[in-house]
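Here's the structure, in structure tokens; my notes come after.
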Amino acid sequence: MSLDEVLALPATVNVVTAARALGIGHNKAYDLIKAGQFPVRTLTMGSTIRIPTAALWKALGIASLRQGPVRAAG
């Protein structure tokens with residue numbers, strides 16, 4: 001995945017997309033999740049597993065690229 005593709009991801013992604021961003025196969029990603037060793041926090045909703053994109057960016061070391069200037073509320 002390119003940097004632009006990773007930065008354009010929605011708030012959460014599925015395991016296949018997260019694995020692609022991390023450069024691993026989806027089977028390996030599911031194995032790591034089952035072993036509690038996936039490098040990113042996961043959200044389990046029933047049988048669905050989602051990955052918070054902000055946590056994925058942090059794991060990839062690109063979280064700070066999405067932070068723009070701080071704007072005052074109001």
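The values are calculated or read from the model by the stated rules, or taken from the named source; none is laboratory data. Remember, it's a predicted structure, so these values are computed and weren't measured experimentally. Here Cβ is always computed from backbone atoms with ideal geometry, including for glycine, and neighbour counts include all displayed protein chains. Protein only, heavy atoms only, side chains kept; ligands, DNA and RNA dropped before computing areas. Shrake-Rupley method; radii C 1.70, N 1.55, O 1.52, S 1.80 Å.
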(Q) Restricting to region 2-21, count the residues that are among the hydroxyl-bearing types (S, T, Y) and surrounded by 13 or more Cβ atoms within 10 Å (Cβ to Cβ). (A) 2
Q. Restricting attention to region 2-21, which residues are assigned to a helix (DSSP H, G or I) and either at pLDDT below 95 or in contact with a helix residue (DSSP H, G or I) (Cβ under 7 Å, 6 or more places away or on another chain) (or both)?
A. L3, D4, E5, V6, L7, V15, V16, A18, A19, A21
**Q.** Output for region 22-46, where each listed residue is open to solvent by less than 70 Å² (accessible area, probe 1.4 Å), assigned to a helix (DSSP H, G or I) and either out of contact with any strand residue (DSSP E or B) (no Cβ under 8 Å at 6 or more places or on another chain) or of a type outside the set (V, I, T) (or both)
**A.** L22, A29, L32
